[in-house]
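Some notes on the structure that comes next.
Bear in mind these aren't lab numbers, they're just calculated from the coordinates by the rules spelled out. Values in this document were obtained by computation on a predicted structure and should not be read as measured data. Virtual Cβ from ideal backbone geometry, glycine too; neighbours counted across all protein chains shown.
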Amino acid sequence: MTDETNMLTDLREWFDDRREKFADLGLQTTFAESPPDRAKRSASLMISSPFRVVQLVVWDTGEAELMLGDVGSGELLEEHREITSHLGLQDATQTLLTWLEADSH
């Protein structure tokens with residue numbers, strides 16, 4: 001198993017470790033994985049508050065898409081990333097948490 005493939009497992013573990021805290025904060029969450037027979041496997045995480053939405057999709061190739069949305073303003077930021085290490089995954093998840101925490105509505 002390559003380090004890139006481990007990123008899917010690591011994202012799942014990161015989410016599982018925080019699922020209850022997100023629920024306690026009133027955040028809606030969704031985690032999904034692609035079927036195992038897909039040529040490019042992926043994992044997707046979405047977290048939303050009444051005012052902010054974040055989605056992170058990571059493929060086993062290291063490709064990733066990070067989307068950050070503000071419901072009130074309609075602002076949508078999209079970033080294509082290469083996540084092939086734990087540091088890259090940590091940066092992406094910290095970015096999405098920072099975006100959610102900046103929700104000052």
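Under a 10 Å cutoff between Cα atoms, tell me which one of Leu68, Leu56, Leu27 has the largest fluctuation in the Gaussian network model of the chain. Checking each option, the largest mean-square fluctuation is seen for Leu27.
For region 42-84, what does the alpha-carbon gyration tensor say about shape, rounded, prolate or oblate, given a ≥ b ≥ c as the root eigenvalues, a/c under 1.5 as rounded, and a/b over b/c as prolate?
oblate
Sites listed here are trypsin sites (Lys or Arg not before Pro) in region 36-93 whose DSSP assignment is loop and whose Cβ has at most 14 other Cβ atoms within 10 Å: Arg38, Lys40.
Once the Cα atoms are used to define both axes, helix 3-24 deviates from the longest principal axis of the chain by about 30 degrees. When the helices of the chain are scored as -39500 (n - 2.57) per DSSP H run of n ≥ 4 and the total is divided over every residue, the value at 222 nm lands at -12500 deg cm²/dmol. For region 1-99, GluC sites (Glu not before Pro) meeting the loop criterion (DSSP other than H, G, I, E, B) and having at most 12 other Cβ atoms within 10 Å: Glu75.
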